[in-house]
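These notes concern the structure reproduced below.
The values are calculated or read from the model by the stated rules, or taken from the named source; none is laboratory data. Keep in mind that this is a model prediction, so the values were computed, not measured. All Cβ positions, even for glycine, are placed from backbone atoms using ideal geometry, and neighbour counts span all protein chains on display. These accessible areas exclude ligands, DNA and RNA; they are computed on the full protein's heavy atoms, side chains included. Shrake-Rupley method; radii C 1.70, N 1.55, O 1.52, S 1.80 Å.
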Amino acid sequence: MRTVRVASAAWPISAITITLLLGACADDIASSSNDTNDTSDASIPSGEDAGGSADGGAEPDADVDSGGGTCAQGTWNNAGSCVAWSTCAPGSYVESPPSATADRTCAGCESGTFSTTANAESCASWRTCAPGSHTSTPGSAVADRQCAPCDEGTYTSSPNQSTCLASNACAAGTVQTVPGTATSPSVCAACEAGTHCAGGTSPKEACASGTWDHDGSSATACAPWTECVPGQAVTADGSATTNRTCAACAGGTFSASSNAPSCQTWTTCMPGTYVSVTSTVSRDRECTTCPAGETSTTTNAPSCAAEPPAGATALGAGYSHTCARFVDGSLRCWGSNLDGQLGDGTTTRKLTPTTVAGLSTVASLAMGNGHTCASLTDGSVSCWGDNLFSQLGDGTTASKRTPTAVPGLSGVAALSPAGVYHTCALLDDGTLRCWGRNNFGQLGDGTTATKSTPTAVPGLSGVTEVVAGAYHTCALINDGTVRCWGWNVNGQLGDGTTTNKTTPTAVPGLSGVTHIAVGANHTCARLTDGTARCWGANTSAQLGDGTTTNKSSPTVVSDLAGVVRLAGAAGGYHTCAQLADGTVRCWGTNASGELGNGTTTTRTTPTLVPDLSGVTGIVAGASFSCALVSGGAARCWGANGNGQLGDGTTTRSLTPVVVSW
């Protein structure tokens, strides 16, 4: 009996990669006509958007693959590195062919078959030594069986006999039980499976360890068990009557030796190291510590990058652009620049931080959908970018590509994270000034008329912090209470109703507040005990209470303690919290990876951002998040279609990446 293993003859068809370049014309669309439309949580007023100007709009669902299909012939993309295909040695065959995205896999020739060349398509059966001949050289996994004719006066009666017998001797496959005499022939008995009887006067032999009765005939010699090659593991040991069986190592595992009892998991290269030897099914991954002055921030990084220089002291995030203030008071911005919101005099997006000209004493930031404002240490304010609704506060509706002073405004202590189209400033005396769009009363002056210059919010004093959502605004008062005003369709004002308010309205039952933050249509507060309360829209789980039900009154955020700061975005539907231990937890929508936990699955309760520690500040954009870490470096994650992560690419990241200063 012969057992022949034939590899598949199906070889891969050369792939044609078609890259569809979408959104190339997005930068030519006016800011008023390309607003983000997220119909969840009734977040978009009729004729409005929750995400702003022309560079709004949804981030791409997935980034273009930058690896598969780009490797040279003979190599494949292994976790971002082009690696030579594995070679199937003689004695094995190609079980599955290689491609630009997959390695060649091998399997050992089964018992009774062989291959003599590398990367054999299949294993061939040993030749058969016919009756009248004998096996002069046994077959192996790398060599064929050799035959020789029987000498005169000898014979073989069945194929593949190891020796030729005298003409009157017991045939192969039988054993002599009574010797012959001059008057009677030898008495012969059949041998059972799992043994070898060479015939003649040879004794019966059990198949030795490591061999088996491969063809069910005791007349032929026992053959070696199939050898499991590197990249396979033994699934069942052989016996005298059964062969050894093998299985290929599953993804993420390897075996480096023949007949391995099991496949081992690849080593994980931790942050601070890089992959110096890539892994295959027959080789473990090897890691090397990054050299001095370089680091990596993710597991299994293909290379190390220069340690970012220390110096950033604060971050700000708009809809799809980001800014960082440095120790020297300078400001650098990156990401979308359709409306000139990066302040560099152009409308060209930037994939890495770019200096904002003419600013050297920045104190705080306000960043909206397509505009940016900075308060300076002298108490003045400058704004730039989209000005369709007078959100720059300069008395015009003309967009500006470089910082422009807000006239008549002084004594500014801090700016709010800006709304989609409005901005607010906290003055040294604890009062507020707001300007820009006011269609839902978000300026708090009792009207719904747009204001092109800073306008006082009447009846409000003792303010210590101000924040702006898409179309609502909230202020923290020095007695630990909160006032909110503007759009309230999702209960984001926290007063137990869904009625819009054009003047500040108290959030009842809430006290002991030390910090506040807002998203597009929800609001959150940190209390003195380090816990958090959120209210408003919740269809994307942005309230973190384990549900997706809107709340018009403050609700406890589940399983969250030790909160230092909270972050949301005027165009966003997720929330993040910086904790006292220097870690970050996020919750809510996660379609672009904005929660940073390596998935795109929405989370209804706070979820840890892995491999991130030493955090000193956090901000959130529409579909991305950033953290400032000790030493002044920054890490960002999530959507990156406009380069808002600052890593020099437009590839989204589901985990934190280093911002390239």
(message) Restricting to DSSP loop positions (anything but H, G, I, E, B) with no more than 11 other Cβ atoms inside 10 Å of their own Cβ, which GluC sites (Glu not before Pro) remain in the stretch 152-219?
(response) Glu152
(request) With an 8 Å cut-off on Cα pairs and a minimum separation of 6 or more residues, tell me the relative contact order of the stretch 456-585 in percent. (result) 20
(message) How far apart, in nanometres, would the label points at Glu192 and Thr549 be if each is projected 7 angstrom from Cα along the Cα-to-Cβ direction?
(response) 7.3
(request) Using 0.36 nm per residue of separation minus the Cα-Cα distance, give me the extension gain between Gln146 and Thr453 in nm, one decimal. (result) 100.7 nm
(request) Go ahead and run the numbers for FRET between Asn168 and Lys204, Cβ-Cβ distance against an R0 of 22 Å, rounding to 0.05. (result) 0.70
(request) Please give the net charge around Val563, taking every other residue with its beta carbon less than 10 angstrom from that of Val563, where Lys and Arg add +1 and Asp and Glu add -1. (result) +2
(request) For the chain, compute the number of Lys pairs whose alpha carbons are separated by less than 29 Å, excluding pairs fewer than 8 positions apart on the same chain. (result) 4
(request) Work out Dmax and Rg for the chain from the C-alpha atoms and quote the Rg first, both in angstrom. (result) 37.0, 134
(request) Please get the size of the charge dipole for the chain, origin at its Cα centre, with Cβ charges of +1 on Lys and Arg and -1 on Asp and Glu, quoted in debye to the nearest 20. (result) 340
(request) Quick one: net charge around Arg635, please, counting Lys, Arg +1 and Asp, Glu -1 for every other residue with C-beta under 11 Å from its C-beta. (result) -2
(request) Compute the length gained on full extension between Thr75 and Met270: take 0.36 nm times their separation in residues and subtract their Cα-Cα distance, giving the result in nm to one decimal. (result) 67.6 nm
(message) For a Förster distance of 30 Å, can you work out the FRET efficiency between the beta-carbons of Thr355 and Asp611, rounded to the nearest 0.05?
(response) 0.50
(message) What distance in nm separates the two pseudo spin-label positions at Ala561 and Thr396, each 7 Å out from Cα along the beta-carbon direction?
(response) 5.5
(request) Take the Cβ-Cβ distance between Ser258 and Ala84 as r, set R0 to 30 Å, and report the resulting FRET efficiency rounded to the nearest 0.05. (result) 0.90
(request) Would you kindly state how much longer the chain becomes between Ala506 and Thr346 on full extension, computed as 0.36 nm times their sequence separation minus their alpha carbon distance, in nm to one decimal? (result) 53.4 nm
(request) Please tell me the relative contact order of the stretch 144-286 in percent, rounded to the nearest whole number, where contacts are Cα pairs under 8 Å and at least six residues apart. (result) 15
(message) Tell me the per residue accessible area of the stretch 436-551 using a 1.4 Å probe; a whole number in Å² is fine.
(response) 29
(message) If amide hydrogens are placed 1.01 Å from N in the peptide plane, which non-local residues have theirs closer than 5 Å to the one on Thr464?
(response) Leu476, Ile477, Asn478
(request) Could you look at the stretch 535-643 and say what percent of its accessible area is carbon and sulfur, using a 1.4 Å probe and all protein chains? (result) 48
(message) Sort 250-257, 334-341 by packing, meaning the average of other beta carbons within 10 Å per residue, with the highest value first.
(response) 334-341, 250-257
